[in-house]
Structure formats: C-alpha cells, structure tokens
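> What follows is a single structure, and I will ask about it in a moment.
No lab work stands behind these numbers, since they all come straight from the coordinates. Being a predicted model, the structure only gives us computed values, none of them experimental. Every residue, glycine among them, receives a Cβ derived from its backbone with ideal geometry; neighbour counts consider all protein chains shown.
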Ligand code: UD1
Ligand code: CA
C-alpha cells in the first residue's frame, strides 16, 4: 500500500511580513517545512510532494532531493494547490495525505492515526479535527446526525450558529488517490474569493453519499498553525517544551526549562545538568554527567562525559571527557580539547588540539596549534598565527611550560619539556628541554624537566 504526502506550501504568508518564504522560518533550529516533512515520514511510504509558489526558488533549493516539487502559479487556493500534485502522482499511489506546511507541531503518530482511520473507512477520505475553545480562525466542522462530516465552513462565511462550533478543521486529510483527482476537478470556484478551497471537497463526497470520517484530536497545542510571527513564537515555545520534556524524561536535569533553548536533533546523555539561559544548537551531541551553563551557547559541538562548561561559547568544537572550562571561554571551529583539559576565563581556541591535561587558565589565544599533553599555557599567551596573508601553525610538545605573556610567532615548534620566560617573543624553534627568554627569545641554557611522562 503506497501512501504519499502532499504538502501545500505555495501561499505567500503575507501576514508574516517577511522577505523569507513563510515555510522557511525556523523553529528550534529547523525550518517549519522540515518539521512537517519529518512528521509525515511516519505516515507516508513514498517521497513527499511539495507544492511551491511564492519563494519557490528558495523553497525548492532548501528541499534538494528530499521531496518532489510542483509549481502552483498563480495561487488560486488550497484546492487548486492540491490539483497540481495530480500530474506527478496519478496512478502512482494508493493514498494521498494532504496537509499544510504551516502546521509544524503535528506529530508523526497523528498522521499515522489519520491514515489508519482512512484504511478502515469505506468512504473516500478522512480528516483531522480538534476540539478547542479558541477557534483561531479555523474552519468549523459541521456534522450529520449519523456523526459523519457534512461540511467544513470557513469562518468568514460561517453563520453565528456555526461560529459556535468547537470542532475545527486542522488541515490534514487522507484521501483514496483515484477519488481525489476526480473530485478535485469538481471543486467549484468560490464565488466570493475566486479561489478553489480544498475544504469544499467534503460537500462533494457528501453529495455522492460517501462517508467522510474524522479523527478528533484533543491536543490543541499540536494544531497551532502559523500565520503571523506571534503564532511562530507560540509554536516555537510549545516545541521547545516538547523537546525539553523529552530530554528530562531521558535523564537530563534542567533547572529552568523555560530558559533552556535546545534545537531539535540535539543529543544529551543521562545525568547531564543544563543550567538556565543555555542555548544548544545544530548537530551538538553531549555525553553523560556534564554540567552546562548557565549562560552558555553550544553550536555543532561534541562534548564527552563529566565536563563542566560555565558561561562559555563553543562552536564546531570537540571536548573529550572531564574537561573543565569557563567562565568566558570561547571555542571556535576545529577546537579539540582532549580529556582533563582545563581552560579558564577569556581564552580562545580555534583550529587547534589541546592534549590531555593541558592547562590554559587565563587570557590566551591559541590558533592553528597542536599542544602536547600536560603542557601549561601561561596567562596572556598568544599564538601569532597570521602574517597578514597566511595562517601558520604552532606545534608545542608535551610537558612544556609557556610563561605568562609569551608570543609564539608561527610557524614554530617547541620540543617536549621546553620552557619560555615571561614576556618572551619566540620566533625560532625551541629544542627539547630548553628555556628561552627575551625579545626575540634566545636560548640561554638547558633545563631539567620536573617529571617525564610516557
Ligand atoms: C486553512 C483551511 C482551514 C483550516 C486552516 C487550518 C482552507 C480553505 N482552509 O485555512 O479550514 O482550519 O487552514 O490551518 O483550506 N496554500 C497554497 N496555495 C494556495 C493557498 C494556500 O499552497 O493557493 C498553502 C499555504 O502556503 C499554506 C496552506 O496552503 O501552507 C494553508 O493556507 P492558508 O492560507 O494558511 O489557509 P488558512 O486560512 O489557514
Ligand atoms: Ca494557515
């Protein structure tokens, strides 16, 4: 049995007041459109079809090969939008699930229920409804005496009596495909607006004496539709709550979920605690037993286990286990901190690896460098990695002691056990176990390493 989803996404979204197509506005890190497509995966068996129109180039580009697209031009209503899918789907699918791309909170299991309901329905389609006190401009569901659906009445044409109806049209339908294509062509042009409304397809089935079934949903939150930026923020808050709740039920502690902002798709291990005002974005993956925040931003970063990250900003970084950082540390793309690294306040690391147990307590910039295990980076150390044209690399060995305020002028190598005096400007490679001082630093004597490690 083939089930194909058709997503209507051609409307202008005028009420968003935006140059970005409505369906590309993000919620918790992913465009509205992504959320709907993701949910539809649980119900559909085939590649989805997205009807595009306004902003079609941007939307098509975003979709890539994750969906087929068909163009609706001009946009003459939701019924007219659905008709555009016929050209690519006729004869290729048993069921068609049609939904609107501005309903990003609908869950996969809800679409699944809709398809299941339709499979048991002798009639041509089933639709999703919700009972709610606040109608939010949704179409009203008018029922026949036998309980089947008689009509969907849009708010602006509803009688006062119909406006009291609390059962609303969510905007998700599952059709028998053959019937759908034929019935779409019978939808009349709406005399008032000159558009073809998908919702009028109910009356076509009713006229043919075919039963229309409804799945009645009780979670109004899931049916929040987005027409304005106010709705967008409401939907994002609801989605954030859903994401945070799932993490907490998986063993993550949050002191204040309301100020914890986690993108969809982020992974967090058990017994990690997230403190307030923390933002975890993109493809970030966090292990177990960490304490993160408050006031921390992580983007596309991997964190091992038992790390502490206080008031810091990390992007495109990797932390192994037992790393301790912050407050006010910054990791940029390509920063890799091996286990037991300590990085204190006002440090910045970019495209560099800090070996196991490296200590970098205060005010340092490390760029394009590799630092061996158990090396100490003194306060104010800078890798001067950029000569105005190119980036150069610095390689620092194990058990090195870099004195406070050292300038490491790259390209540069410091052997294991080397030491630099405070304020040294190092322009030449330093051999193993050698102390350099001054400006520029010259070798003055051999030094003893305190302890040698394997
Ligand atoms: C629609 C329903 C309404 C339902 C509500 C739930 C109709 C006539 N009304 O109203 O019963 O309660 O959704 O959210 O269907 N679109 C196109 N091409 C068009 C017009 C719209 O692709 O020509 C797309 C839009 O991009 C949008 C979706 O269809 O994603 C719904 O359109 P919208 O104008 O938002 O419909 P509503 O007024 O919300
Ligand atoms: Ca809408």
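> Once a ≥ b ≥ c are taken as the square roots of the eigenvalues of the Cα gyration tensor of region 85-125, is the result rounded (a/c under 1.5), prolate (a/b larger than b/c) or oblate (a/b not larger than b/c)? Write down the numbers at each step before the final one.
Values: a/c = 2.51, a/b = 1.16, b/c = 2.17.
Judged from the Cα gyration tensor, region 85-125 comes out oblate (a/c at least 1.5, b/c at or above a/b).
> Which shape class, rounded, prolate or oblate, goes with region 287-345 when its Cα gyration tensor gives a ≥ b ≥ c as root eigenvalues, a/c under 1.5 marks rounded, and past that a/b bigger than b/c marks prolate?
On the way: a/c = 1.26, a/b = 1.06, b/c = 1.19.
The shape class here is rounded.
> Could you tell me the calculated FRET efficiency between residue 308 and residue 258, based on Cβ-Cβ distance and R0 = 25 angstrom, to the nearest 0.05? Could you put the intermediate results ahead of the total?
Working: r = 23 Å, r/R0 = 0.92.
Efficiency at R0 = 25 Å is approximately 0.65.
> I want to check the label-to-label distance for residue 439 and residue 221. Put each point 7 Å from Cα in the C-beta direction and report it in nm to one decimal.
6.0 nm
> To continue, here is another question. Considering Cα pairs under 8 angstrom that are at least six residues apart, work out the relative contact order of region 160-256 and quote it in whole percent.
Relative contact order of region 160-256: 12 percent.
> Between rounded, prolate and oblate, where does region 96-228 land on the alpha carbon gyration tensor, with a ≥ b ≥ c its root eigenvalues, rounded for a/c under 1.5, else prolate if a/b exceeds b/c? Before the final figure, lay out each step's value.
On the way: a/c = 1.34, a/b = 1.07, b/c = 1.25.
Note, shape of region 96-228 comes out rounded.
> When only Cα pairs under 8 Å and 6 or more residues apart are kept, what is the percent relative contact order across the chain?
Details: 1216 pairs, mean separation 36.2, N = 454.
Normalised by residue count, the contact order of the chain is 8 percent.
> May I pose another question? For region 49-108, take the convex hull of the Cα atoms, compute a quarter of its surface area, and give me that in nm², please. Walk me through the numbers before you get to the answer.
Values: hull surface 19.0 nm².
Quarter of the Cα hull surface area: 4.8 nm².
> Take peptides 409-420, 273-284, 53-64 and line them up by average Cβ neighbours within 10 Å, highest first, as a rough protection proxy. It would help to have the intermediate numbers written out before the result.
Working: 409-420: 21.2, 273-284: 19.2, 53-64: 16.3.
Answer by packing, highest mean first, reads 409-420, 273-284, 53-64.
> At a threshold of 8 angstrom on Cα-Cα distance, excluding pairs fewer than six apart, so keeping six or more, what relative contact order does region 37-187 reach in percent?
Values: 206 pairs, mean separation 40.2, N = 151.
It comes to 27 percent, rounded to a whole number.
> While we're looking at this one, here's another question. Starting from the 7 Å offset along Cα-to-Cβ, what nm value, one decimal, do you get for the label separation of residue 447 and residue 162?
The two pseudo-label positions are separated by 8.6 nm.
> If I take R0 = 35 Å and measure r between the Cβ atoms of residue 146 and residue 185 in this structure, what FRET efficiency does the formula 1/(1 + (r/R0)^6) give, to the nearest 0.05? Walk me through the intermediate numbers first.
Working: r = 28 Å, r/R0 = 0.79.
That gives a FRET efficiency of 0.80.
> Quick check: pseudo-label points 7 Å beyond the Cα along Cα→Cβ at residue 65 and residue 288, how many nm apart are they?
3.9 nm
> Quote to one decimal, in nm, the extra length available between residue 271 and residue 19 on full extension: 0.36 nm per residue of separation minus the C-alpha distance between them. Please report the intermediate quantities before stating the final value.
Details: separation 252, 0.36 × 252 = 90.72 nm, distance 4.25 nm.
Working it through step by step, the gained length comes to 86.5 nm.
> Given a cut-off of 43 Å, what percent of all Cα-Cα pairs of the chain lie beyond it?
On the way: 37437 of 102831 pairs.
It works out to 36 percent of all Cα pairs.
> Express in nm, to one decimal, how much length is gained between residue 389 and residue 422 on full extension, taking 0.36 nm for each residue of separation and deducting their alpha carbon distance. Working shown, then result.
On the way: separation 33, 0.36 × 33 = 11.88 nm, distance 2.82 nm.
Between residue 389 and residue 422, full extension yields an extra 9.1 nm.
> Further, regarding this structure: What full-extension length gain, to one decimal in nm, is calculated for residue 87 and residue 237 as 0.36 nm per residue of separation minus the Cα-Cα distance? Each step should come with its number before you reach the end.
Working: separation 150, 0.36 × 150 = 54.00 nm, distance 3.82 nm.
Length difference between fully extended and current span is 50.2 nm.
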